[in-house]
Structure formats: C-alpha cells, structure tokens
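In what follows, a single structure is set out as structure tokens and then discussed.
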Amino acid sequence: MFDPKSGPAEWSSPAAASAQGVPTTSEAQRELWLACQLGEEASLAYNLSLSLKLEGALDAEALAAAFRDLVARHESLRATFSPEDGATRIDEAGEHHEMQWLDLDAVADADLQLTNLHEREVTQPFDLARGPLVRAWLVRLGATRHEFILTAHHIICDGWSLATLIRELLALYRARVGNVPSALEPAIQYRDYVGWLDRPEIRERERVDRDHWISRLAGTVPVLDLPTDHPRPQGMRSFSARRMDIPIDASLMPALRRRAAGEQVTLFTLLLGAFATLLARLGGNEEVVVGFPMAGQLEEGFSGLVGHCANLLPVRLRADLESGASGMLRSTGESVMDAREHTLCSFNNLINALRLPRSDGRPPLAAVMFNVSPRLDPRLLSDEVLQAEVSLQPRRYDLFDLSLDVALSGKQATLECYYNDRLFERETVRRWMGMYESLLSGIATDAARPLGQLSLIPADAMAELRALQPPATPMRGPSLMHAAFTAQAAREPHRTALRLDDQRMSYGELDARSNRLAHALRLRGVKRGHLVGICLQREPDMLVALMAVLKAGAAYVPLDPDFPAARLAYYAEDAGLALLLTSSSVPTAPRSWCGDAQARVFELDRDDSWTSQPAQPLEPGADDPLAEDPAYVIYTSGSTGKPKGIVVPHGAVANFLQSMQSRPGIASSDRLLAVTTLSFDIAVLELLLPLAVGAEVIIARRDTVLQADALLALLADSGATVMQAVPSMWRVLLDSGWQPRPGFKALVGGEGLPPDLARAMTAKAAQVWNMYGPTETTVWSTLWLVDAARVDSVGVSIGQPIDNTTVWILDEHLQQLPVGVPGEICIGGTGVAIGYLHRPELTAERFVTVDIDGVPTRLYRTGDRGRWRNDGLLEHMGRFDFQVKVRGYRIELGEIEARCDEVPGVSSSVVLAREDVPGDVRLVAYLALTPGSTVDRASVREQLRASLPHYMLPQHIVVLPALPLLPNGKIDRKALPAPQPGTADDVSAGSVGAGMPASEPLLSPEQATLAQIWAEALHLNIHEIRASDNFFDLGGDSLLVMRVIQRVQALTGAAVKPQRYVFESLGQLALQRPVAEPAPAPKPPPAPRGLLSRVFGGWGRKSARAEATDDATE
C-alpha cells in the first residue's frame, strides 16, 4: 500500500475540466471486469481490506457521518458495472453506503468473532452489477478501543487509493467532531483520469510503451517453474491463497541500505534483485519475469485520485549466478528505471499483444509479484485524542503463484508473502523466505562472491537437514561382501542356500565348492587387487565363481553372455582382466582381449581339476581383501561413447547387505526369487542378501523370466516370499493375474514407480518397497515402504537413506538446498564407490568433496533431480542430463549417438527417450545425413547391434533433412518430431520416404493375422509390417513378447518360445504355426511398451543363431 504525501492534494491537471455526463470506464477496469467473470475465486482475488485500529475517545456517529462524506466525495466508491458490457454506472445518492456496527465489548469470544469478521470480509464477494463495492464496519472492543474495517473491490480502488481514503476519512471525522468544514481540496474524479487517458498524446504514449514492452519481451518468454508441493491444476486456475508475515532481522536492514547506497541503487532495486536471484535458484532458470505494481496516481496531478489506477510492470530480469551482486544490482536498477518510464500499456493489453496463453493453469507472463510498501506512519494519522494504526487484512485469494511485499515501517521490515495454497505448503514458503533473508545477508556482507555461491541455508534449515540423515550404525562383523555368507555357512551348513529347477545346493556345499575354486584361482596367480571376469550362464557355478573370486582377494567383473561379443571384449580389455571364468558353451566370452588372453581364460567345465582342490578356506594372508578393496567392477553406459567401469569396495557392499537385513528386511525363512543378470548391480541383493541370513535363493532361468505365465508359476510353486524387479515387470505380472502368497514382499526399483502401479501393488502384496540408488553408491541408497494413502496425497517417494548413508540436495554450485527445494541428489556415506576404473577425470567430476556443515564430505553427484519433501521423505524428479532409465537400464544417450555417428552417411545424430504414450518409454534415434547419402534401417540396426546391448538399441530411427537448432546453435530437442507410422527403411538425405517398397511381396493370410497381433502390441499400422520384419527390430521387447505369446496362445493353444521372436522374421514364425483369424475382442489395456526389463539382463539377440532350430512350440 503506497503512502501518498501528507497534506492536501493539489489538482492542476487540465483534465479537471473534462466534460460532465455519463462516466466512462478505463480499459484496465474492463480487463478487470472480464477477469472477474472467470468465477467467484477470481473476483475474490480483488477484495482489498484494511483495518484501522483506534485507541482513545471515539465519536462513532461522527465516524459514520465521515464515511458517508467520503463516499459522497468520490464517485468511484459509488460505482457499479453493467453485467452486459462492464460499463460504469454511478449511484448519485449513495444511500446504500452505510457503515455497519458490531459491539464486541465484554463479549467472551470477541477475538474469535473479530477474526471471523476479517475472514468474512475477504471471502464475501462483491456484486459488481448491484453494488455497493465498498463496505465499512466499526467494531467496538472497549470504551476506548475500536476497529474500523474498510473493504473495497479493486475495480474501484487500489493500494494507493486505500491510503488516500484512510487519510481523508480521519480528516473528515475530525471536521465532523469539531463541527467545522473539511480542509480537503475538491476531489479528483476517476472520470477525469479516464478522460486524460483518452487524450491523443497519451494514447500515443501508450502505443510507444506497448511497443517498448513487446521488444523487451520478444522471443521466448521465460516461464518460472517454482517447485510445487502439489500438482498444478490443469485448465482452470486456482486463486486460493494464504499470507505469511515474517519480520526481517532488524540488524539486516541498515546493512542493506548501506549496500544499496554503495552500489548507487535504491533499496527497492536491491530487494527486487535479490528476489529475482532467489527465483532463479529455485526455478533453475537465470532469467525470470517479475511483476511489480505501479500507481497511476504518480502521473502529475492525480496524487489524490481514488480509483483503479494500478498497473503491473512485467520486468525481465537476469541473475548471473557466476557473477557477484554488483552486476546484478546494476542491471536490475536499469530494468526498473526502464520499466518506470513505460507505465501506460496495461498488463492485459500486453498479454494480448504477445499472444500468450491463459489456459495452462498458471498466471500469464508474470507468475510472481514483488513490491516494497512504506506503511502509513501512525504519527501522521493520530492526534492527542485518537491514536490510529493501519494494517492490511490478509486476502484468501490472490492473482499470483507467489507475491512478496516488503513492508517498511520505520527501521523495521516485514516480508508479507502471499502464496497459492493449492500449489505450496506453508512450510515450503517459510523456508523460501528464510532463503531470501540468507541471500540478502550474503549480498550485504559479501557482494563480490558469485550469487550462485551465496548460502541459502539459515541455521534452522541446516539443523532440519541434519535431522533427516540416519544415525551411524556399527557393522556387526567383518566389512567384506562375502563375510556374512561364510559365517552363515559355518553356523548352518546343511541349510539349503540356492535352488535352480531340481538342483539344490546347501550353504556348506556352496562354501566348500567356492573354497575349491578360490584355491585354484590362487594357484593361477589371482590375488588381492586383481580383477577377474565372470562370463557364465545363470547356474549355480555362477555364484560359486563369484564367491571364489571374493575369497581369493580379487574383485569380480560380470560379463553377461548375451551382450555383444565386441562389448564384452571391451570390458575385458578396459578392466585388464587377470583371469576370465567362463564355460566352453559361452561363444561370446572374450578370448583375445590381450596378448596372452588364451592363458587367462579359465573354462570351468573343461578344466575341472579345480574341483579336487581343498574344501577348506584359504589360509589368512596378505592377499586377503580389506574393506576398502574393490569387491566388483560393473560397467554401465558412458556418455562419451565408451562404457565405464564402476569400482565398488567391500565395505560398501557389506554395509548395504547389513542395512537391507533390517529394511526392507529378510528372515532365514524367506525365499527370494532371483531374476536379474549378474551384470546389473541389483543382482547383489538377490544373490548375497538371502545368503547373509540363512534364507534361500531361487534362481530363475531366463526363458522363465521372459514368459509371464512361467514366471507366475515359478513364484507360486517355489514358495517365493520376496522378489525384486523393475516397475514394468511388476506391471506385466499384475496384468497376467499375479496373486502373491500372504506375507509376500515386493521390491521395486530401477526406474520410476508410477502412482497407479504403486496403488495396484499395495493392494496385492503385504509390503511394497520402492528402492532408489545408482551403481556408484552400491545398489540401493534409499528406500520407502509404499503407503497408498500417501501416494494419493503427495505422490510416490524414494524414501529415506539406508544405514550409514547421507543424502544432500545441492544446486549447480554445490551449495546445499533446504527441505522442499529441488536440486541434484548427492549421496555420501559408506556406500560411495571408489570411482571409475582408469577414468580419473570422470571420477573427479562425479565424486566430489563438499563442505557439509563445516565437514569436508565425499559425495557422488547422481545427476538426478530431487528434493526433501515436507514429510521427511525424498522425491525423485527426473534427470538433469541426457542419461535416462529405460526398462530399468541406465543409458547414456551420448553412447548411442556416438555409435549412430559411425554409420556411413550419417553426419550427425541425437537420441531421445520419448514417452509419447504414457508408460511407454522408447528410444528414438534422429539421423541427419550427408548430402546425397542414403541409409537402410536394417543395416543401421545391424551395425548398432554389433556394439550395443539390446536394451540400448533404438526402437525407432527417424531421418531428418537437418537436426533443428536453437538460436544458440544447440540442438532443439523439443522440436524433434514423434516417430510417424509408415516410414520406409530406405531413406535419403533431405527426404523421408513412406510406404512399402515395391519389391516387398504382400502378406499371406497367416502372416497378415500375425502382423495384426504385432501391430496391436506395437501400436503400428499393419501396412508397416513386412514378412521379413523381426519383432524386436520393429520396436518390440521382452515384455511385449509376453503379451504377443499370450495372444497367439489364446487363439491357437500353442505357446511359442520367446527365442523365436528374437531370431526369426514374421514370415518364418507364420510358417511354423499358422494362426486363426483374431477375433475383434475388446482390446486389453495397453501394456508398457518399449520395456526390456532390467531383470532380463540384456536378454536379446544371441550370436548363435543355431537356436533357431529349436521346436517352435512346447
């Protein structure tokens, strides 16, 4: 609320002599009238209410008469607006404008009734057509205590006007009490202001101002995405709001004034610039648009005007977080001065000129408002008889997501903050204001420090973050990955440890057999610090080999037999394997990664002399592993085009296994169904956690995992009580009729858990745990027992850190962020890996040391965006970079792009993970060709298949004349089109062909029937499918194979092996088993497509095509 100059207003504008007659309506009033037609909430956002607290002897009748004088004095207070067109009408008599009375003296609940009156005034809508549009109450609280409440609609009044009205009301009251004429000058009427606005020279100023603002906001207008606690309503905006008042530390204001003076800017500029900096750090965009109000009464001659004269100036501000405050303050000051020189273009007029959308559920152009308001000095309102003090009543509805008014009263300052309570919780906004004050303190004391490095954490917020970290938990035994198993084997050697089909192995047998192999490894020179590859199929000896390598003091490097041979050879060469444990039946196992590779290959089935080695453990010695030594090295996709090996130490794994024993918990009576390939780190939980407590591991064969019915049967027949899988796998099982046994525990991780799936799973399983963590911090770092009710209210969480693990949310400058503010999830503690094998630069980039509460702390930067929620749980909010999780696999899109760029004829490429259909994440490669080049989709896929595992193969390849670019020369990923049906295999640069090559024969009836089933599963047009096509080449995956097999079986009674779909074309499959015409039955709910689950371990195209001779049915 502005404070006009005290004393009588002067009227010198020629507009005073404007013609009398029917009053006109300003353009701003018409815009406001239209806005109020959106609904009651929108109109209530314009209720302005203030309280005038009066101490001393009061003549209530004189005050009532003064209010009538005030209404008579200003036409605006007697205005109403036509319901047809919003035209202004004046009630000349003003007989309906009477002050209302309420006596609360000696009333027991006087405070409550007064509070209710305040609330009623801001929530009771005005009838713009009938009026009155101003209300007044006098509340008697005692013989010498009163409160006058004035409420008006913004269409007839603004903040400046309220101050004028209070000043004039008291002047009129004192004239009534003294029975003397008022000393006030004749009032300026709103019609005079409207007439002035209509002058040609003013219209020209308005046009110039509009052009100026359009030029300032040309191009892409930055959208402020403040982190919300609740989803933004789609379509219709919500105006529901609350106000929070927070006093600023009294010692800070003098320092800010000194800083502003030193930088030669106003206090307003400093406060606004700091606010813009806060918004930039909250929203992740250095450019923000902030609106601040400007009073039309500042035009010469209108200082005493009462009416709707305010305009919002949308200032585009930039906070360079790499620079200090001086530059920001200078640029902010220039922007403020520039804005104040161009005030006549109305805000809504500008929105219309910019053609900005108004229907996306958010305020257009400026989502936040800022102001600095000097409060009316009580000394100017009071006299020796009556002491007066003004305060604004909090509105219940507001026009912005966030509004901040820094209220100045003498040397004191208060942050009066309105926030949309449908979007934000009170605690969130309270923390933001704490961050704002911390930022102001930093600017006042250290203006040279880059803005991005100024702390946003006040002391209370730091204490809150510390309380969210788990207390230190001591280890109960040796900090070695295999220690808990060996101890368990010694306690209960006869207990069953693992099972595969009819094969069983006890704890004692597994311990003895791995001891024999460990002795053999030592004889081959394996010792502490060596890396030993394991390239074995899913069989008991895979686990024997793992245990033996650990016991020998080495670290194991898993090589999935179903990955491309070239990729496995790279793993072996990069790791410098001392030895490779494999089998003669694994054709993809590397055998020439170094000069003496043949001597380093240990085929366990051919060289079986190891089985005669001693069954006793190795003698303790210098080659035994220590907690800080590597336990395993797992390779993941690399952004540079080459996979990177992550080195995880024993101590990290031992801590993980111990923590998992309590949460999510496992007992010796449990049976865990293991479905994950050893090449993915979550297999550590499946294979080692049960063995740490005496439970049983049930190994599922890959063929079983790939068939929903077979997997469901194994779940039921094995008596499994625990299983871990990615969400997409759980969805397939649910769709296939999964009915878990009582007490079943489902572990979910590897990709985001959709809320609908969370609800469905909690309705089935006794416990559902959502797990989160990158390989670099040892399998899972956080977990949450899913609560369906909380999913409904605040969404899915990734929970809280496991034992001896800390999670900090940092900004891009590695500054800590408080609860509720999104940033990068950074993980510390015992689980942090050693780093990347032979990649010191990358290790230094991702594994950083940060000062946490005064303590240097080693953290892993996950690249994931997240925050601590107000309920003390973590929320995962996506990725910052181009790394994605698809079907549970962590994929660096840059690696796929590097392989695409190697294809002859491709000049450049970009790969996206698209989700054009909810739940269906697909990799799409966009290729730009060199002039005159052509590409064949099948050839591109074949080349990619030679170096990429199946889960990294793009489901779609789109050829474009050129990749779209942003003005800065970067690729415009948002402009890349969705894959379109009907794209031909052979395309040339500058064109995208469509249709079927003429040489392709028509489908036979049997082929057409099968093609129809494929088309439904893949969401393709049947005309895109040819007899030579392979299901996986068209974008299929192992989960979709399950659905197709079920569909074919329903029609024919035959269960086709999934391998057929990997190796054979549609024509070959149709010849093997003709199918009946599919009935036009209701289409089942769409399954998640493009979802090669992490649990399948890269099961895909085997190099040995001999399996194509297997029986087609079983």
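Readers should treat all values here as calculations from the given coordinates under stated rules, not as data from a laboratory. What you see is a predicted model; the values in this text were computed from it and never measured. Because the Cβ atoms are built from the backbone with ideal geometry, glycine has one as well, and the counts that use them run over all protein chains shown.
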Next item on the list: Just name one of Ser718, Ala467, Gln113: the one whose Cα is farthest towards the positive end of the charge dipole of the chain (beta-carbon charges, Lys/Arg +1, Asp/Glu -1).
Entry: Ser718
Margin query: Considering just Cα atoms, how many Å³ per residue does the convex hull of region 178-224 enclose?
Written below: 156
Check: Charges only on Cβ, +1 for Lys and Arg, -1 for Asp and Glu: so what's the dipole of region 14-195 about the Cα centre, in debye to the nearest 20?
Finding: 420
Next item on the list: Quick one: grab the alpha carbon gyration tensor of region 252-309, order the square roots of its eigenvalues as a ≥ b ≥ c, and give me rounded if a/c is under 1.5, else prolate or oblate depending on whether a/b is larger than b/c.
Entry: oblate
Notebook entry, point to check: Tell me, what ³J(HN,Hα) does each residue in region 324-334 have, in order and in whole Hz, if you take phi through Karplus 6.51 cos²θ - 1.76 cosθ + 1.60 with θ = phi - 60° and put x for Gly and Pro?
Noted result: x, 6, 4, x, 5, 5, 5, 5, 5, x, 5
Notebook entry, point to check: In what order do Thr164, Thr934 fall by count of nearby beta-carbon atoms within 10 Å, going from fewest to most?
Noted result: Thr934, Thr164
Note to self: Per residue of region 506-515, what does 6.51 cos²θ - 1.76 cosθ + 1.60 with θ = phi - 60° give for ³J(HN,Hα)? Whole Hz please, x for Gly and Pro, Karplus curve as stated.
What the structure shows: 7, 4, x, 5, 5, 5, 5, 5, 6, 5
Next item on the list: Give the peptides 807-814, 660-667, 954-961, 115-122 in descending order of average Cβ contacts within 10 Å, highest first.
Entry: 954-961, 807-814, 660-667, 115-122
Next item on the list: Determine the dipole magnitude for the chain: charges of +1 sit on the beta-carbon of Lys and Arg, -1 on that of Asp and Glu, nothing else is charged, the reference point is the Cα centre, and the result goes in debye to the nearest 20.
Entry: 1920
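I'd like to compare 734-740, 754-760: which one has the highest average count of other Cβ atoms within 10 Å, and what's the full order after that?
Answer by packing, highest mean first, reads 754-760, 734-740.
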Next item on the list: Pick out, in residue order, every one of the trypsin sites (Lys or Arg not before Pro) in region 602-675 that is DSSP loop and has at most 12 other C-beta atoms within 10 Å; say none if there are none.
Entry: Arg606
Next item on the list: Taking the Cβ of each residue in Ile534, Ile214, Ile971 as the centre, tally the other Cβ atoms inside 10 Å and list the residues starting with the fewest.
Entry: Ile214, Ile971, Ile534
Notebook entry, point to check: What are the residues whose amide H is under 5 Å from the amide H of Phe292, where those residues sit 5 or more places off or on another chain and H is modelled from the backbone?
Noted result: Leu313, Val315, Phe370
Margin query: Need one word for region 14-195: rounded, prolate or oblate. Basis is the Cα gyration tensor (sqrt eigenvalues a ≥ b ≥ c); a/c below 1.5 gives rounded, then a/b vs b/c decides.
Written below: oblate
Next item on the list: In nm, give the distance between the simple-model label positions of Gln387 and Arg355, each being 7 Å from the Cα along the Cα-to-Cβ direction.
Entry: 6.1
Next item on the list: Express the Stokes-Einstein translational diffusion coefficient of the chain in µm² s⁻¹, to the nearest whole number, given a Kirkwood radius over alpha-carbon pairs, 37 °C and a viscosity of 0.692 mPa s.
Entry: 96
Margin query: Using +1 at the C-beta of Lys and Arg and -1 at the C-beta of Asp and Glu, which of Ser592, Gln297, Leu282 has the Cα lying farthest in the positive direction of the dipole of the chain?
Written below: Ser592
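Rounded to the nearest 500, what is the chain's calculated 222 nm mean residue ellipticity when only DSSP H runs of at least 4 contribute -39500 (n - 2.57) each, over all residues?
One gets -9500 deg cm²/dmol as the mean residue ellipticity at 222 nm.
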Notebook entry, point to check: How high is the FRET efficiency between Ala106 and Gln739 when r is their beta carbon distance and R₀ equals 60 Å, given to the nearest 0.05?
Noted result: 0.30
Notebook entry, point to check: Counting only Cα, what are the radius of gyration and maximum Cα-Cα distance Dmax of region 649-803, in Å?
Noted result: 14.6, 41
Check: Of the listed peptides 142-151, 47-56, 684-693, what is their order by residue-averaged count of other C-beta atoms within 10 Å, with the highest listed first?
Finding: 684-693, 47-56, 142-151
Margin query: What distance in nm lies between label points placed 7 Å from Cα along the C-beta direction at Thr445 and Gln598?
Written below: 7.2
Item checked: Approximate spin-label separation Ala129-Gln1049, in nm, with each point projected 7 Å along Cα-to-Cβ -> 6.7
Note to self: Students often get this wrong: which residues of region 248-284 have the backbone nitrogen under 15 Å from the point 7 angstrom along Cα-to-C-beta of Thr414?
What the structure shows: 248-250
Next item on the list: For region 293-437, just say rounded, prolate or oblate: build the C-alpha gyration tensor, square-root its eigenvalues into a ≥ b ≥ c, call rounded for a/c under 1.5, and beyond that prolate if a/b exceeds b/c, oblate if not.
Entry: rounded
Check: For the charge dipole of region 174-228, defined by +1 on Lys and Arg C-beta atoms and -1 on Asp and Glu C-beta atoms about the Cα centroid, which residue among Ile202, Leu184, Ala218 has the Cα displaced farthest towards the positive pole?
Finding: Leu184
Margin query: As an exercise, use a Förster radius of 41 Å and the Cβ-Cβ distance of Ala962 and Arg879 to find the FRET efficiency, rounded to the nearest 0.05.
Written below: 0.95
Next item on the list: Tabulate in residue order the Karplus-calculated ³J(HN,Hα) for region 534-550, using 6.51 cos²θ - 1.76 cosθ + 1.60 with θ = phi - 60°, rounded to whole Hz; enter x for Gly and Pro.
Entry: 10, 10, 10, 6, 6, 8, x, 5, 5, 6, 4, 5, 4, 5, 5, 4, 5
Next item on the list: Set the Förster radius R0 to 35 Å, insert the Cβ-Cβ distance between Ala566 and Asp871 as r into 1/(1 + (r/R0)^6), and round the FRET efficiency to 0.05.
Entry: 0.15
Check: Which order do Lys745, Lys1057, Lys974, Lys642 fall in if you start with the one that has the fewest other Cβ atoms within 10 Å?
Finding: Lys974, Lys642, Lys1057, Lys745
Notebook entry, point to check: How much length is gained on full extension from Ile214 to Ser240, taking 0.36 nm per residue of separation minus their Cα-Cα distance?
Noted result: 6.3 nm
Note to self: With the cut-off at 29 Å, tell me which of the pairs Lys644/Lys764; Lys745/Lys974; Lys745/Lys885 have Cα atoms farther apart than that.
What the structure shows: Lys644/Lys764; Lys745/Lys974
